[in-house]
Structure formats: C-alpha cells, structure tokens
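Here the structure is laid out as structure tokens; the discussion comes afterwards.
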Amino acid sequence: MSAFSAIGEEREIDRDEFTPGIEPQPTWCPGCGDFGVLKALKQALPEAGRTPDETLLVTGIGCSGKLNSYFESYGFHTIHGRSLPVARAAKLANPNVEVIAAGGDGDGYGIGGNHFIHTARENHDMVYIVFNNEIFGLTKGQTSPTSPKGHKSKTQPSGSAKDPIRPLSLGLTAGASYVARTAAVNPNQAKEILVEAIEHDGFAHIDFLTQCPTWNKDARQYVPYIDVQDSDDYDFDVTDRREAADMMYETESALYEGEVLTGRFYVDEDRPSYGQEKRALGEMPEEPVAERYFDEDYKWERSADLLDRHM
Ligand SMILES: Cc1ncc(C[n+]2csc(CCOP(=O)(O)OP(=O)(O)O)c2C)c(N)n1
Ligand code: SF4
Ligand SMILES: [Mg+2]
C-alpha cells in the first residue's frame, strides 16, 4: 500500500514503515484477534496518508496494550484505563499529530470507563480502538464489562450475574461523533473503518471484536459476521441519532445470541472537535503549544536506528 503523507511532505508511504524491526515477533497467542488489529492499522495509516513520525499510538494495559510494542510510531504505553487522558493531552498540545488510543474492554469500558464517557462527550479528535474480547485476557480470563450474563470465570465461578455493557450505545449517548464495530475476522472492513476513523475530525470510537482463543473460547466473535451496510436486512441512516441508537441496541443484543453485526453505526461530520471549540473561544492558540518545545535539531529516527546508536 502506498499513499501520500497528509501532514508532512508529499511522499510514498509503505505499510512496512509501521513495523519496528527491533522487537521480537508479537507474543500474542496463536489465533489471537489482536493480530488483526495490528494488521489493519498498518494498512489503514498509509492509506489515510499518515507516516510513523506523524502518528502517536497510546495504549493501556492488557494483551491489547502490547500493540504499541509491535508498531512503529511515536508511542506511549500508559497505565490501565488511562490511554484516553494521555491521548487527549497529546492531541491538544499538538493537533498536527494523528492520535490513536487503544486498549481492551476491561481497560476502556471498566477501569477507564469514565475517561471514555468524557472524551466522547468532548469530542476529542482521535481514533479510539477498543479490543473487545469479552474477557480480561492478560490476567488470564476474568469476567470483563462485556462478558455475557452467566459467563463463568475464576472471578464469577457460578456465572456472571451482570448484564454486559452496551459499548456502541454508550459511545453514542456520551457524544462520540463516529461509532463503528468491526472484527478481527473481517480484515478488509476493519481497514476501511480505520481509514474513515482516522480521516474523521472528532472522537471516532471503534468497538473491535477480537477473539481470545486462550481464555474465551465461547466468544461469539468466531461466528460469521454481517456487515450492516452490505446487508439488505438493515436499512438505517447513520447520521440519524435515533435510527443509529435503535440499530446499536439490536446489534448489541444480537451479539450474545450468536449474530455478529458490524459496520458504521453513527457518523456526525458536522460537530466541531474539542480543539476546534476551544480555538473558536480563543482559549487555545492557533499554533500548536507543543511547537514551543520543539527541538529544531531533532530528527525522527526509526526505533531500530535508535537502538543501534545506544548499544
Ligand atoms: C490499576 C490496575 N488494576 C489492575 C491491573 C491488572 N490488569 C492488567 S491487565 C488487566 C485486564 C486486561 O483486560 P482488558 O483490558 O480487557 O485487555 P486484554 O488483556 O483482554 O486485551 C488487569 C485487570 C493493572 N495493571 N492496573
Ligand atoms: S490471552 Fe487471549 S487476548 Fe491475550 S494474547 Fe492470548 S489469545 Fe490474545
Ligand atoms: Mg479484554
């Protein structure tokens, strides 16, 4: 895949530029859905015209959080549930950077749930990928906010008594201006949705279904998916909040009944991002605050070159 850099100079971009070259192969288990996110992201960024040195990937803690180690760009592997506050600060300081935040369902819908609500409410301009494997993967299979009711695990040996969270509905209600669901088993759609989310000016929430064959063999993400945009069975307007809300509710219920509906659910291209609102109020300078601290002599180096220099 090649494209032209959208922010910096015009040049060809190859997706291999997003492969670090110094890390060992990913330590994810064979068959893990997280590989699908990594692949789709490496394909989407060049297609959207972004280079590694124009991109910041902020991750939380979990198997999902390891994404940062296998991806070449600026990176920040922060603490559990805190990818969004770091990501929004970075975006406000430097609006020219393409900011992507990522983490698990436990990370984003559990411990970081409040950050999710308010980052969506304020419509911060970034992509937020939630790896939804319906489980705490890294800590070996505890029940998460998206585990189905009745799900048995070490923490809920008699079966969970809780209804799962409805992530798409939550994103919409909180104020996200782009809400989609895709799946690791659907790499083409995942790449297309990521490109749209990157190009979207506002908070783009992607609930990314990622199977965990090690700790959650029952998860529904294995079953064939339906793309709601491609199917004749679904007809709704992604720009209409009420129609989107109804479709999301149906989608979230269907997931636990064995039907995986994916696609775009809500798109609002008109709503200004938080940064735009603040600049319009005169509360933020037009020039990036981060520029005040730029080192004129600094040159982007690939992590492999950096390592060579420090060995
Ligand atoms: C404050 C805090 N609490 C708990 C943990 C332990 N912990 C690490 S990862 C994790 C769950 C990860 O689940 P999820 O976010 O769904 O990511 P996954 O591993 O499934 O990708 C937990 C509870 C932690 N690192 N920090
Ligand atoms: S434990 Fe599950 S989520 Fe973690 S790497 Fe293995 S398959 Fe993937
Ligand atoms: Mg998880």
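Of all beta bridges that DSSP places with both ends in the chain, some 15 percent have antiparallel geometry.
Taking R0 as 51 Å, what's the FRET efficiency between Asp218 and Ala280 from their Cβ-Cβ distance, rounded to 0.05? That pair, Asp218 with Ala280, gives E of 0.55. Would you please calculate the Kirkwood hydrodynamic radius of segment 76-185 over all C-alpha pairs and express it in Å, rounded to one decimal? Over segment 76-185, the inverse of the mean reciprocal pair distance is 14.6 Å. Packing around the peptides 51-60, 25-34, taken as the average count of other Cβ atoms within 10 Å per residue, puts them in this order, highest first: 51-60, 25-34. By the beta-carbon count within 10 Å of each Cβ, the least crowded to most crowded order of Asp297, Asp14, fewest first, is Asp297, Asp14.
Only the Cβ atoms of Lys and Arg (+1) and of Asp and Glu (-1) were treated as charged; on that basis the dipole of the chain about its Cα centre amounts to roughly 1680 debye. Among Arg302, Arg50, Arg309, a tally of other beta-carbon atoms within 10 Å of each Cβ gives an order, fewest to most, of Arg309, Arg302, Arg50.
Compared with the direct C-alpha span, the chain from Tyr298 to Thr173 gains 40.8 nm at full extension, assuming 0.36 nm per residue.
For the listed peptides 104-111, 271-278, 173-180, a ranking on the average number of other beta carbons within 10 Å per residue, highest first, reads 104-111, 173-180, 271-278. Amide H contacts under 5 Å for Ile226: Val260, Leu261, Thr262, restricted to partners 5 or more places along the chain or on a different chain, H placed in the peptide plane at 1.01 Å from N.
Using the Cβ-Cβ distance between Glu250 and Glu287 with R0 set to 51 Å, the FRET efficiency works out to roughly 0.65. The residues His77, His151, His205, when put in order of fewest to most other Cβ atoms within 10 Å, stand as His77, His151, His205.
Pairs over the 21 Å Cα-Cα cut-off, from the set Lys191/Lys299; Lys42/Lys140; Lys39/Lys154; Lys154/Lys217; Lys42/Lys278; Lys149/Lys217: Lys191/Lys299; Lys42/Lys140; Lys39/Lys154; Lys42/Lys278. Binning the alpha carbon pair distances of segment 50-119 at 5 angstrom intervals from zero yields the distribution 4, 20, 29, 24, 16, 7, 0, expressed in whole percent. May I have the pair-distance distribution P(r) for segment 156-293, computed from all Cα-Cα distances with 5 Å bins from 0 and rounded to whole percent? Pair shares across the bins are 2, 9, 16, 19, 17, 12, 9, 7, 5, 3, 1, 0. Semi-axes of the equivalent ellipsoid of the chain are 30, 23, 18 Å, computed as sqrt(5λ) over the eigenvalues of the C-alpha gyration tensor in descending order.
Bear in mind these aren't lab numbers, they're just calculated from the coordinates by the rules spelled out. Keep in mind the model is a prediction, meaning the values are calculated, not measured. In this analysis, Cβ positions are derived from the backbone assuming ideal geometry, glycine residues included, and neighbour counts consider all displayed protein chains.
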